[in-house]
Amino acid sequence: MSKKFTLIPLVAALFSGSLLASSDNLTEKDLPVLKQESQHSTASKRVTNLFTRAHYKPIKFNDELSEKVFDRYIESLDYNKNVFLASDIASFEQYKDQFDNALSTGKLGFAFDIFNLSLKRRFERYDYSLSLLENEMKFDKEDEYLFDREDANWATSQAELDELWRQRVKYDALRLKMTGKDWQGIKEVLTKRYHNAQKRLVQTNSEDAFQIVMNSFARSIEAHTSYLSPRRAEQFKMDMDLELEGIGAVLSYDEDYTVIRSLVPGGPADKSEQIKADDRIIGVAQEGEDFVDVIGWRLDDVVDLIKGPKGTKVRLQYLKGADAHGTPKVVEITRDKIRLEDRAAKSEVFEAKYSDLTSKIGVIEIPGFYNNLSQDVKVEIAKLKEAKVDGIIIDLRQNGGGSLYEATQLSGLFIDQGPVVQIHTLNNRIEEQKDRDGVTFYDGPLTVLVDRYSASASEIFAAAMQDYGRAIVIGEQTFGKGTVQQHKPLGRAYDLYDHPLGSVQYTIAKFYRINGGSTQHKGVIPDVSFPSAIEPSEWGESQQDNALPWDSIIRAKYNSVDNLKPAIAYVNKLHDARIADEPEFGYVFADIERYQEEKDRKTISLVEATRLKEKDEGEERALERANERLVRLGEKPVEKLDDLPDSLDELDPFLEEAALITQDYIKYGRIAKK
């Protein structure tokens, strides 16, 4: 099972309650013995009943489903196979075929027993980790850390487990040493980190255990189905109310780290131009205060630290996503109110120059499909028409979707009328979302720029433009989310429980293109592909466990605007020739090659000299590349990466190439008319 950006709440992320101020000498006896509470039985029965009746995917409660839930539950409790012993796993096997009955009857006692043992085993591991800090570690002898144990076996002895954790603690220590800390400083940080981890274990409550059980069930059904605890349900409501104050980032939890899933375009984090998607947050500091180490913290506690009143500042210590084992960086961000309506579309005029031809290309960047997007885009198109652009690019990169209605309305600006998307519901009905106004607001040359992060409503628009022959789609294969979810609270007005029930999110329908194919799993395949290190199987819907498969239904009735196949062949030929000699794409190809060489790496050296050499080589490569860019821009080279000018931040080779492809498309149209 894939663990990357998993939405299953892993055990280390769920321990509730704020951290205690003092560093008491906790022992294993302080751990709670968690038991199922009365509301959990009701919630379990309501969830199973609801999913059986209303989920888009037919569900059979049998041993096959039970085994899936069991495997996912164990993975959630010990994702890296360094907590349980093989003998523990063997003792759990008796429950492998019991989850289906337990969930439907609400009797989850054995699942809580497994959870309690996981707390005990984790506490033991941190006790051992603390003992290793008594003696100063040396980093000059050959040693390595096996950080990816997804395919490994569980340890068969305590000694084998100890070795795994010796490597991990030494890895933690070396990372701190590479930031300039001496052994005393390293010991202080790690002692506090491991003590805090034990405190979170002690503060774990029954809802934490129940949430993991229910999400193991939900995710065994389908990738976008989940259970939300009362606390997370309240957070969901705040998100929907769009009244959050913070940095404008969507966070997820991945193997002890808080990972930036995406940034709200135009939000404080995005405006910093430093922190990016896939970066890992390892420390948080309020204005004027020291950093709090947040490795291993539960996700919502990290969110609480990062959020704050508008105008206040927060500093984040983070690791770059592409260099997860490198040196931490720091960014200071001023918090602001985050509202979806603030993420407005914007346009600019791009001058595309190649050979003897110069064209004015309008670029409309759309960060999300918010309410009234289509009206905003109409305004931007009018500006571009006034500027007499030769063609327009709709930039949907990093656009995770939004309103289905706005995807339909936006499509309608570029066609006269007709269906935009088909929706297949649980009762086997097919509904069409149509543009009905009979007006084309812009009928000139059009291209759509997408990447692997373009999802949902973005894919609906791109697919419609592709199916109508209205635009050439450029970039990467899109995310592939072609499903519709519904959020529903589990509580009833007549409930008398001491604690509230949570809520669920589950899939109720599926999107289909007007040509009959689904956007699910496959996404939209671009007409002109950009080189990418991201394989479809490594990111996107196809990477999700239990994602619904691609399939097709009957084609909708529509007439194509144009046959773009000859134009696509023409621009692809020019595109391939151009990027073969383009320095920026040379960097892209080099990065892809380096990524392919390292992506399956499962170990990392614990020798300081080796790690410093890797760090220096990376910085030298980055500096050399930056200076080559500066020379091409007519600017002076720099001696240090810290001295790089802001002008380099504005480089966007993919947008530049998209503009040249749009220019080629315009040129082809002129040739075809002769």
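Side notes on the structure shown:
- Of all residues in segment 178-193 being at pLDDT 95 or above and of a type outside the set (Asp, Glu), the one that is surrounded by the fewest Cβ atoms within 10 Å (Cβ to Cβ): GLN184
- In summary, ARG261 fulfils each of the numbered conditions (1) more than 12 Å from ALA249 (Cβ to Cβ); (2) not in a loop (DSSP other than H, G, I, E, B) with the single exception of condition (1).
- Criterion (under 30 Å from the mean Cα position of the chain (by Cα), farther than 26 Å from TYR512 by Cα and of a type outside the set (Gly, Ala, Ser)) met by exactly one of GLU380, GLU406, GLU365, GLU351: GLU380
- Meets criteria (surrounded by fewer than 15 Cβ atoms within 10 Å (Cβ to Cβ) and within 20 Å of VAL302 (Cβ to Cβ)) for LYS141: no
- Pairs with Cβ under 8 Å, 6+ apart, first in segment 385-410 and without any contact (Cβ under 8 Å) to a residue 40 or more places away in the chain, second among the acidic types (Asp, Glu) and in a loop (DSSP other than H, G, I, E, B): none
- Here SER38 fits the description: among the polar types (S, T, N, Q) and surrounded by fewer than 15 Cβ atoms within 10 Å (Cβ to Cβ).
- Only residues that are touching a helix residue (DSSP H, G or I) at 6+ places or on another chain (Cβ under 7 Å) and either surrounded by 12 or more Cβ atoms within 10 Å (Cβ to Cβ) or in a loop (DSSP other than H, G, I, E, B) (or both) were counted in segment 636-650, giving 5.
- The residues in segment 595-614 that are of a type in the set (D, E, K, R), farther than 16 Å from GLY321 by Cβ and either in the same structural domain as GLU142 (by TED's automatic domain parsing) or in a helix (DSSP H, G or I) (or both) can be counted, and the count is 5.
- Selection within segment 212-247 - modelled with pLDDT of 95 or more and either assigned to a helix (DSSP H, G or I) or at positive phi (or both): ILE212, VAL213, MET214, ASN215, SER216, PHE217, ALA218, ARG219, SER220, ILE221
- With respect to the conditions (1) free of Cβ contacts under 8 Å to residues at least 60 places away in the same chain; (2) not in a helix (DSSP H, G or I), LEU176 lacks only one, and its number is (2).
Rundown of residues vs (1) modelled with pLDDT under 95; (2) of a type outside the set (Lys, Arg); (3) under 24 Å from ASP435 (Cα atoms); (4) in a loop (DSSP other than H, G, I, E, B), yes/no style:
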position	(1), (2), (3), (4)
VAL473	no, yes, yes, no
ALA493	yes, yes, no, yes
THR507	no, yes, no, no
PHE511	no, yes, yes, no
HIS521	yes, yes, no, yes
ARG555	no, no, yes, yes
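- All helices (runs of 4 or more DSSP H) inside segment 62-107 with 1 or more residues being among the polar types (S, T, N, Q) and in contact with a Leu (Cβ under 6 Å, 6 or more places away or on another chain): 63-77
- Residue in segment 65-73 that is within 27 Å of ASN427 (Cα to Cα), surrounded by fewer than 19 Cβ atoms within 10 Å (Cβ to Cβ) and touching a residue at least 12 places away in the same chain (Cβ under 8 Å) present: yes
- Meets criteria (under 29 Å from the mean Cα position of the chain (by Cα), farther than 30 Å from GLU431 by Cβ and not β-branched (Val, Ile, Thr)) for GLU608: no
- Scanning segment 549-601 for residues that are within 22 Å of LYS522 (Cβ to Cβ), in contact with a Gly (Cβ under 9 Å, 6 or more places away or on another chain) and not polar (S, T, N, Q) gives TRP550, ASP551, ILE553, ILE554, ARG555, ALA556, TYR558, LEU564, LYS565.
- Hits in segment 511-554 (condition: more than 25 Å from ASP278 (Cβ to Cβ), loosely packed, with under 15 Cβ neighbours inside 10 Å and of a type outside the set (A, V, I, L, M, F, W, C)): GLY516, PRO549, ASP551, SER552
- In this structure, GLY444 qualifies as more than 30 Å from TYR227 (Cα to Cα) and small (Gly, Ala, Ser).
- If you go through segment 404-455 and keep only what is buried (at least 24 other Cβ atoms within 10 Å of the Cβ), in a loop (DSSP other than H, G, I, E, B) and hydroxyl-bearing (Ser, Thr, Tyr), you end up with just SER454.
- Residue within segment 10-24 that is under 18 Å from GLU222 (Cβ atoms) and either modelled with pLDDT under 95 or not small (Gly, Ala, Ser) (or both) present: no
The values are calculated or read from the model by the stated rules, or taken from the named source; none is laboratory data. All values derive from a computational prediction rather than experimental measurement. Cβ: placed from backbone, ideal geometry, glycine included. Neighbour counts: every protein chain shown.
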